[in-house]
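Before I ask anything, here is the structure I am working with.
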Amino acid sequence: DSGVTQTPKHLITATGQRVTLRCSPRSGDLSVYWYQQSLDQGLQFLIQYYNGEERAKGNILERFSAQQFPDLHSELNLSSLELGDSALYFCASSETLLGGELFFGEGSRLTVL
Amino acid sequence: AQSVSQHNHHVILSEAASLELGCNYSYGGTVNLFWYVQYPGQHLQLLLKYFSGDPLVKGIKGFEAEFIKSKFSFNLRKPSVQWSDTAEYFCAVNAGYGGATNKLIFGTGTLLAVQP
């Protein structure tokens, strides 16, 4: 158990819909990262928040957005879903911005039908 | 942009065989390097990491990796694999970014199957 909690574990929805994925980082970790894992793209970095502020952005679509709340949990919002958005979405957390290991949650598997 | 290449996509070995998985990265500055493992149905777990110092780093479960700066490589090795090593292995790099972020860029992964 990494200490990073993600909900829901599985989600099935239809094209055009909107979903929210939630992540609770390890106790004391200020930084949260979102990654998308798909068969064709591998593990792609989406976005990082540190203590409530966006720190880095990767290949995140405009239809996707994220935020980190004062209690440090984070949510990834995916809207106008397409079939290609089906993937495993991982959240990770780390204590600091410098070096350090990322601790990953078990992921949220999204299936868009 | 930084990138990480893993040359082997699928590797099949028999138990007790030696393992070497290749990893190359493209970034000329200071990097932190990682190997993560993902067992079937589980989250990514850190195997080992290199920040500085001895370029030969030892990790958990008998794994080690060697950082060769001149070759931009960070290959993962294990002298004798076990069936329980069956998993997907990811190489990752943190290029520092001047302290602004420590996001990791991952390679495409290598799926290792160890046959008993």
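Looking at B:P79, is it touching a helix residue (DSSP H, G or I) at 6+ places or on another chain (Cβ under 9 Å), over 24 Å from A:L30 (Cα atoms) and open to solvent by 70 Å² or more (accessible area, probe 1.4 Å)?
Against the criterion (touching a helix residue (DSSP H, G or I) at 6+ places or on another chain (Cβ under 9 Å), over 24 Å from A:L30 (Cα atoms) and open to solvent by 70 Å² or more (accessible area, probe 1.4 Å)), B:P79 qualifies.
If I ask for residues that are assigned to a strand (DSSP E or B) and more than 23 Å from B:T108 (Cβ to Cβ), which ones from region A:22-43 would you list?
A:R22, A:C23, A:S24, A:S31, A:V32 - these are the residues of region A:22-43 that are assigned to a strand (DSSP E or B) and more than 23 Å from B:T108 (Cβ to Cβ).
Name every residue in region A:45-82 that is open to solvent by 20 Å² or more (accessible area, probe 1.4 Å) and within 23 Å of B:T108 (Cβ to Cβ), in order of residue number.
A:K57, A:G58, A:N59, A:I60, A:L61, A:E82 - these are the residues of region A:45-82 that are open to solvent by 20 Å² or more (accessible area, probe 1.4 Å) and within 23 Å of B:T108 (Cβ to Cβ).
Then there is this: Counting only residues that are touching a residue at least 60 places away in the same chain (Cβ under 8 Å), away from chain A (no Cβ under 13 Å) and of a type outside the set (G, A, S), how many does region B:21-48 have?
Final tally of qualifying residues: 4.
Could you list all residues from region B:49-106 that are away from chain A (no Cβ under 13 Å), closer than 30 Å to A:D40 by Cβ and assigned to a loop (DSSP other than H, G, I, E, B)?
Result: B:F63, B:F72, B:V81, B:T86.
Quick one: A:S27 ticks every box in (1) touching a residue at least 40 places away in the same chain (Cβ under 8 Å); (2) more than 11 Å from chain B (Cβ to nearest Cβ); (3) open to solvent by 60 Å² or more (accessible area, probe 1.4 Å) bar one, so which box is it?
(1)
Follow-up question, since we're still on this one. Kindly evaluate A:L97 against the criterion of being at pLDDT below 95, more than 15 Å from B:I105 (Cβ to Cβ) and part of a loop (DSSP other than H, G, I, E, B).
Criteria met by A:L97.
The values are calculated or read from the model by the stated rules, or taken from the named source; none is laboratory data. Keep in mind the model is a prediction, meaning the values are calculated, not measured. Cβ atoms come from the backbone with ideal geometry, glycine included; neighbour counts cover every protein chain shown. What goes into the accessible areas is simple: the full protein's heavy atoms, side chains included, and nothing from ligands, DNA or RNA. Shrake-Rupley method; radii C 1.70, N 1.55, O 1.52, S 1.80 Å.
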